[in-house]
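Asker: Just dropping this structure here.
What follows is calculated from the coordinates using simple rules that are stated; it is not laboratory data. Computed from a predicted model, the values in this text were never measured in an experiment. Cβ sites come from the backbone with ideal geometry, for glycine too, and all protein chains shown count toward neighbours.
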Amino acid sequence: MLKIDDPDVLREVTEASDRYEAALMANDVDTLDVLFRDAPETLRYGVGENLYGFSEIAEFRKTRTGGSPQRDVIRRVITTYGPDMATVNLEFRRKGGSRTGRQSQTWLRTDEGWRIVTAHVSLMEAFS
């Protein structure tokens, strides 16, 4: 039977997610690259771009002036599925912004450690 949210696996993925968020806010491109699985199947849908394969993701990060806009995480939900797969979903608000953003990631345990295999970032419409 599939074990959901095993405490040890949940701790590992939480640490990996924390490492990702710190690297994102510091524009630590090397760490961000390490945390994505280096494979053609890896994908990232961003607010304004669709990136297919690790090489497109890495190139995007290298050419992105100033890195990701700074943000505050409002809520994060991490769910693990067995010992080797997890999802990390969070809501955020960019500093000085009024729109809520959403980020979804699928993480996979690999021989090198936990790696992101899919990611999606979007901003919700502002409502009055």
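Asker: Taking springs between alpha-carbon atoms closer than 10 angstrom, which of Arg102, Arg94, Arg44 fluctuates most in the Gaussian network model of the chain?
Answerer: Evaluated over the chain, the most mobile residue of the options is Arg94.
Asker: Now for a separate question. Taking K and R as +1 and D and E as -1, what net charge do the other residues with C-beta under 15 Å from the C-beta of Lys62 add up to?
Answerer: -4
Asker: Taking other Cβ within 10 Å of each residue's Cβ, how do Met124, Met85, Met25, Met1 sort, fewest first?
Answerer: Going from least to most buried by this count: Met1, Met124, Met25, Met85.
Asker: What number comes out for the charge environment of Asp72, summing +1 per Lys or Arg and -1 per Asp or Glu over other residues with Cβ under 9 Å away?
Answerer: Taking every other residue near Asp72 into account, the sum is +4.
Asker: To continue, here is another question. Would you mind calculating the gained length between Asp33 and Val73 on full extension (0.36 nm times residue separation, minus the Cα-Cα distance), in nm to one decimal?
Answerer: Value of the extension gain: 12.3 nm.
Asker: Could I ask something else about it? Assigning unit charges at the beta carbon (Lys, Arg +1; Asp, Glu -1) and nothing else, what dipole magnitude in debye, to the nearest 20, does region 34-128 show about its Cα centre?
Answerer: Charge dipole, region 34-128, about its Cα centre: 520 debye, nearest 20.
Asker: What percentages, rounded to whole numbers, describe P(r) for region 7-122 computed over all alpha carbon pairs with 5 Å bin width beginning at zero?
Answerer: Bins of 5 Å from zero give 2, 11, 22, 26, 22, 12, 4, 1, 0 percent of pairs.
Asker: Also, quick follow-up: Quick one: check the C-alpha center-to-center distance for region 52-128 versus region 1-42, whole angstrom.
Answerer: First find each Cα centre; the distance between them is then 10 Å.
Asker: Let me know the longest stretch in the chain that avoids all GluC sites (Glu not before Pro) found in a DSSP loop with at most 10 other C-beta atoms within 10 Å.
Answerer: Value returned for the longest uninterrupted segment is 42-111.
Asker: Based on the alpha-carbon gyration tensor of region 56-128 and its eigenvalue square roots a ≥ b ≥ c, which shape applies: rounded if a/c is under 1.5, prolate if not and a/b is larger than b/c, or oblate?
Answerer: oblate
Asker: Determine, for Trp107, Trp114, the number of other Cβ atoms within 10 Å of each Cβ, and report the residues in order from fewest to most.
Answerer: Fewest to most other Cβ atoms nearby, the residues stand as Trp114, Trp107.
Asker: Which residue fluctuates most in the GNM of the chain (Cα springs below 10 Å): Thr80, Thr42, Thr63?
Answerer: Result for the chain, Cα springs under 10 Å: Thr63 fluctuates most.
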